[in-house]
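Asker: The structure is given below, and queries will be raised subsequently.
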Amino acid sequence: MDVLQLKQDIIAYSKTIGIDKIGFTSASIFDELKGRLIAQQQLGYQSGFEEPDIEKRTNPELLLPKARSIIAIALAYPSKLKNAPKSTKEERRGIFCRASWGQDYHTVLRDRLEKLEQFILEKMPEAKVKSMVDTGELSDRAVAQRAGIGWSGKNCSIITPEFGSYVYLGEMVTNIPLPPDAPIEDRCGTCNKCIEVCPTGALVGPGQLNSQRCIAFLTQTKGFLPEEFRAKVGNRLYGCDTCQTVCPENRGKDFHLHAEMEPDPELAKPLLKPLLHMSNKEFKEKFGHVSGSWRGKKPIQRNAIIALAHYKDKTAVPDLVKLLKEDVRPVIRGMAAWALGKIGDQAALSALEKAYEREQEEDVLKEIQKGLEMLHMQSE
């Protein structure tokens, strides 16, 4: 088969199934990426969520024998929330990042890639294909950059001329030798806004991220959040968009092209207090279809407690006292104690003093002590 014609057919078909951008590159080893990954590993900058085998992340032939090409796809997602509910003094709200609005993007992109696979296999039944989205071995960004989807921005996002960085990425490795596309020229220039405004200094340099300090990563952890980051998290329940929202390339970019990606405002900006006492079943029923639910309810509830402390929401004191007294999870009890200290009133003080007498967990006792110290400082 004429591979040049096949490429054109793939591009034409991709437009009919809701793929906003498609690019092609060779399946050769990602040498530059390999060097950067080794450096990241040595510096301790990795999140731990990545594929640990750097060879698999950089050599497509280890994933598909005789791999010749990689097809990269991008789908644009909304950046603005229509009819966003207001956060009030009595009813405070948290926020999920844009990548967790609408249906889980892994599901959406897998659907598009499966359709693309079927199309290719109908044209070439003997072809071999292997698709992945985010959780696969390859680096979506490295593939997308080399395939001409966009350039790799200083904020570590792929930035497309058409949609900015508000795109989901996926790719397909194949043994078909499809003609490659040329990469796009970097347009970040001297702009350093993303690096300058990163709340925790996680962007340590252009295109270099210390994941251990990144709020997007920190909101997904399950343990006690280190105290230096708690004030920085604010009302974020999952993820962080700061390095995208300040990017000049994203100005005016807001695309509503896919029904599955349209956010429910009540899920994108949910009320905080109801989250605190939600059962596993209730959480799965309400949030199970969004990508921000993948770590379960515990990180979301912990972050909701931090958000209530951020707002100094006195109406949440009874809810936090209940958690401190009854929740079986030390992290939730401890964070509730810390939040009570931040919010500070007589009921909070009384609850912390009683909790200090009965608590057995050392980490929780430390948080109770912090809460009591904050309250004593406020009364001085």
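Asker: With unit charges on the beta carbon (Lys/Arg positive, Asp/Glu negative), name the residue among G223, Q369, G252 whose Cα is farthest towards the positive pole of the charge dipole of the chain.
Answerer: After comparing all options, I get Q369.
Asker: Identify unpaired cysteines across the chain, taking unpaired to mean no other cysteine Cβ lies under 4.7 Å from the residue's Cβ.
Answerer: C97, C156, C188, C191, C198, C214, C240, C247
Asker: Based on DSSP loop calls and a cut-off of at most 16 other Cβ atoms within 10 Å, the longest stretch of the chain free of exposed trypsin sites (Lys or Arg not before Pro) is what?
Answerer: 313-380
Asker: Considering only I368, I306, I54, give the residue with the highest GNM mean-square fluctuation for the chain, with springs between Cα atoms whenever their separation is below 10 Å.
Answerer: Looking only at I368, I306, I54, the biggest GNM fluctuation is shown by I54.
Asker: Which shape class, rounded, prolate or oblate, goes with segment 1-93 when its Cα gyration tensor gives a ≥ b ≥ c as root eigenvalues, a/c under 1.5 marks rounded, and past that a/b bigger than b/c marks prolate?
Answerer: Verdict is oblate for segment 1-93.
Asker: Counting other beta carbons within 10 Å of each residue's own, what order do H376, H256 fall into, fewest first? Please report the intermediate quantities before stating the final value.
Answerer: Values: H376 12, H256 15.
In increasing order of surrounding Cβ atoms, one gets H376, H256.
Asker: Moving on to the next point. What list of ³J(HN,Hα) couplings, whole Hz, do you get for segment 262-273 from phi and the Karplus terms 6.51, -1.76, 1.60, once you set θ to phi - 60° and write x for glycine and proline?
Answerer: 5, x, 8, x, 6, 9, 6, 10, x, 5, 7, 4
Asker: Further, regarding this structure: Calculate one ³J(HN,Hα) per residue across segment 67-79 by plugging θ = phi - 60° into the Karplus curve 6.51 cos²θ - 1.76 cosθ + 1.60, and present them in order as whole Hz with x for glycine and proline.
Answerer: Along segment 67-79, the couplings run 4, 10, 9, 10, 9, 9, 10, 9, 10, 7, 10, x, 10 Hz.
Asker: Take the chain, connect every pair of alpha-carbon atoms lying under 10 Å apart with a spring to form a Gaussian network, then pick out the residue of S28, S79, S152 with the largest mean-square fluctuation.
Answerer: Among S28, S79, S152, the largest mean-square fluctuation in the Gaussian network model of the chain belongs to S28.
Asker: Another one. Only four residue types carry charge here, +1 at the Cβ of Lys and Arg and -1 at the Cβ of Asp and Glu. Report the dipole size of segment 94-177 about the Cα centre in Debye, rounded to the nearest 20.
Answerer: Roughly 240 debye, rounded to the nearest 20.
Asker: Once the convex hull of the alpha carbons of the chain is built, what does its volume come to per residue, in cubic angstrom?
Answerer: Considering the Cα atoms of the chain, their hull volume per residue is 149 Å³.
Asker: In a GNM of the chain with a 10 Å cut-off on Cα contacts, which of P52, P180, P270 has the highest mean-square fluctuation?
Answerer: P52
Asker: Still on this structure, please answer the following. What lysines sit close enough to K66 to cross-link, taking a C-alpha to C-alpha distance under 18 Å and skipping anything fewer than 8 places away on the same chain?
Answerer: Candidates past the 8-residue exclusion: K56, K128, K130.
Asker: Compute the length gained on full extension between R187 and K314: take 0.36 nm times their separation in residues and subtract their Cα-Cα distance, giving the result in nm to one decimal.
Answerer: Separation in residues times 0.36 nm, less the Cα-Cα distance, equals 41.0 nm.
Asker: Same structure again: Within segment 254-287, find all residues whose amide N lies under 19 Å from a label point positioned 7 Å from the Cα of E91 along Cα-to-beta-carbon.
Answerer: 264-278, 286-287
Asker: Now, a different point. Taking the Cα centroid of segment 313-380 and of segment 178-223, what is the distance between the two, rounded to the nearest whole Å?
Answerer: When both Cα centres are located, 36 Å separates them.
Asker: Follow-up. Note down the nm distance, to one decimal, between modelled labels 7 Å out along Cα→Cβ at K80 and at T107.
Answerer: So the two model labels end up 2.7 nm from each other.
Asker: Further question on the same structure: Can you list the residues of segment 1-41 with backbone N under 14 Å from a point 7 Å past the Cα of F119, pointing along Cα to Cβ?
Answerer: 5-24
Asker: Nearest 0.05, what FRET efficiency do E126 and A39 give at R0 = 35 Å with Cβ-Cβ as r?
Answerer: 0.30
None of the figures in this text is laboratory data; all of them are computed from the coordinates on show. A quick note: this is a predicted structure, and the numbers were derived from the prediction, not measured. Cβ: placed from backbone, ideal geometry, glycine included. Neighbour counts: every protein chain shown.
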